[in-house]
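The values are calculated or read from the model by the stated rules, or taken from the named source; none is laboratory data. Computed from a predicted model, the values in this text were never measured in an experiment. Cβ placement follows ideal geometry from the backbone for every residue including glycine, while neighbour counts extend to all protein chains displayed. In case anyone asks, the SASA skips ligands and DNA or RNA and just uses the protein heavy atoms, side chains included. Shrake-Rupley method; radii C 1.70, N 1.55, O 1.52, S 1.80 Å.
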Amino acid sequence: MEERIQKILSGAGICSRRKAEEYLNAGRVQVNGRVAALGEKADPQRDHIQVDGVALTQPRRHTYLMLHKPRGYVTTLSDEKGRKTVAQLVADCGVRVWPVGRLDMDSEGLLLLTNDGPLAHRLLSPRHHVDKTYFVRVDGALDREDAEAFAAGMTLADGLACLPAGLELLDTPDAAIVTLREGKYHQIKRMLAQRGKPVVYLKRLTMGPLSLDPALEKGEWRPLTAEELAAIRSV
């Protein structure tokens, strides 16, 4: 089946779709011996695709990893600023995988990595609204008005509309559990900043049916269990 070449490269774990577009614009991708153009389609089962002269190979089996992301790592495969990346933490897994969604450099917690492009796309699709929960600590005291503002949905100062979200107050007044149905850029931080209570600590606890394994130390990873994989595929 024909697909856009940037999607094929991404699905094979070569690079992200955005980076694949750069490869195509730079003339680094060939299909059947000729330079491929951005927007062109190909069939990976029929066509001979090369990147920098190296033949594309589709992964024989998909890999699914749970990582306990620590602070200080960016959620990318490479970083032009030389910062530490989550790819370095899973470099010994034996295959190229990429993160499903992102966590800020100064945030930590559950991160799913895989080379299963269709599953990653489904989990991130706004149509599916995969819930994610976070433990958050702020500079200030959270109250019922904050929870009501989250539940009603918020429009940020720059006009960005956020869907209704959950904010569960805890016994400690500066902490809460936040539940999101979407994953907009710096969303929790921006929502709480608008409430006048900037985030000082953020940790992702769950993603859909997946929960961070408490046995995983920061920076450690493990493959998903069969039960976890079945649960995430059912989303």
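The table for this structure:
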quantity: Isotropically averaged projected area of the stretch 155-235, using the convex hull of Cα atoms (one quarter of hull area), nm²; calculated: 7.1
quantity: Within the chain: Cβ-based charge dipole about Cα centre, in debye rounded to nearest 20 (Lys, Arg +1; Asp, Glu -1); calculated: 600
quantity: Length-normalised contact order of the stretch 57-128 in % [C-alpha pairs under 8 Å, at least 6 apart]; calculated: 38
quantity: Cleavage-rule hits, trypsin sites (Lys or Arg not before Pro), the stretch 14-70, DSSP coil, Cβ neighbours within 10 Å at most 10; calculated: ARG46, ARG60, ARG61
quantity: Around PRO198: net Lys/Arg minus Asp/Glu count, Cβ-Cβ under 15 Å; calculated: 0
quantity: Max mean-square fluctuation residue, GNM over the chain, Cα-Cα springs under 10 Å, options SER16, SER211, SER78; calculated: SER78
quantity: Efficiency of FRET between LEU124 and ALA26 - r from beta-carbon atoms, R0 30 angstrom, step 0.05; calculated: 0.70
quantity: Calculated FRET value between LEU170 and ARG18, using beta carbons and R₀ = 35 Å, to 0.05; calculated: 0.40
quantity: Carbon and sulfur %, accessible surface of the stretch 37-118 computed with the full protein complex present, 1.4 Å; calculated: 48
quantity: Computed [θ] at 222 nm, deg cm²/dmol, the chain (DSSP H ≥ 4; -39,500 (n - 2.57); rounded to nearest 500); calculated: -6000 deg cm²/dmol
quantity: Computed magnitude of the charge dipole of the stretch 164-229 (debye, nearest 20; Cβ of K, R +1, Cβ of D, E -1); calculated: 500
quantity: Highest-first arrangement of 137-146, 188-197, 105-114, where packing means the average Cβ count within 10 Å; calculated: 105-114, 188-197, 137-146
quantity: Residues of the stretch 1-42 with amide N under 12 Å of the 7 Å Cα→Cβ point at HIS62; calculated: 11-12
quantity: Charge dipole (debye, nearest 20) of the stretch 6-111; +1 at Cβ of Lys and Arg, -1 at Cβ of Asp and Glu; calculated: 140
quantity: Dipole of the stretch 185-235 [Lys/Arg +1, Asp/Glu -1 at C-beta], most positive-end residue of LEU216, ALA230, ILE188; calculated: ILE188
quantity: Heavy-atom accessible area per residue - the chain, 1.4 Å, Å²; calculated: 53
quantity: Heavy-atom accessible surface of the stretch 122-180: percent carbon and sulfur, 1.4 Å; calculated: 51
quantity: Cross-link pairs LYS84/LYS184; LYS41/LYS84; LYS41/LYS132; LYS69/LYS197; LYS7/LYS132; LYS41/LYS189 - those with Cα-Cα distance over 29 Å; calculated: LYS41/LYS84; LYS41/LYS132; LYS41/LYS189
quantity: ALA157 paired with LYS41, simple spin-label distance in nm, labels 7 Å along Cα-to-beta-carbon; calculated: 4.6
quantity: Volume in Å³ per residue [convex hull over Cα atoms, computed for the chain]; calculated: 148
quantity: Relative contact order for the chain, counting Cα pairs under 8 Å that sit 6 or more residues apart, in percent; calculated: 19
quantity: Derived scalar couplings ³J(HN,Hα) [the stretch 27-41; Karplus, 6.51 cos²θ - 1.76 cosθ + 1.60; whole Hz; x for Gly, Pro]; calculated: x, 8, 10, 10, 10, 6, x, 10, 5, 8, 9, 4, x, 6, 10
quantity: Residues listed by number, the stretch 128-154, amide nitrogen under 15 Å from GLU182 label point at 7 Å toward C-beta; calculated: 128-132, 150-154
